[in-house]
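Below is one structure; the comments refer to it alone.
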Amino acid sequence: MTEKTLFFVYGTLRRSEGNSQIFKHFNAEWLGNHTTEAEYTMYSHGGFPSVAEKGKTSIVGEVWSTDNPDCVRRIHGLEGYSGTPGSSSNWYDARQINTPYGK
């Protein structure tokens, strides 16, 4: 059995946004909404947001689940993440957070 990967999304990957088609294409499962603890800061970069740790704001988003490695690669590619934490080619580093659906 393939391990499930959960994604907490807060920008263009949300169901109401255009990039959510990736999740739909790979039959990912929408698990529900989630609001983080108030410990982040969100920044706008024009067409997309980013989040930094050590702030004082909650982030409202959605949690998706997939067991399809192609979906994971596609999401990472869209978001500029190599899959390797700390890589100089990353636009960001992924962080694990607690959600009602898992980490």
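The values are calculated or read from the model by the stated rules, or taken from the named source; none is laboratory data. Predicted model only: the values in this text are computed from it and were never measured. Cβ sites come from the backbone with ideal geometry, for glycine too, and all protein chains shown count toward neighbours. In case anyone asks, the SASA skips ligands and DNA or RNA and just uses the protein heavy atoms, side chains included. Shrake-Rupley method; radii C 1.70, N 1.55, O 1.52, S 1.80 Å.
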>> Under the √(5λ) rule applied to the eigenvalues of the Cα gyration tensor, what semi-axes describe the equivalent ellipsoid of segment 1-89? Give them in Å, descending.
In response: 22, 16, 13
>> At 1.4 Å probe radius, can you tell me the per residue accessible area of segment 1-67 in Å²?
In response: 64
> Tally Lys and Arg at +1 and Asp and Glu at -1 over the other residues with C-beta under 10 Å from the C-beta of W30: what net charge comes out?
Replying inline: +1
> Which whole-number percentage describes the relative contact order of the chain, with Cα contacts under 8 Å and a sequence gap of 6 or more?
Replying inline: 30
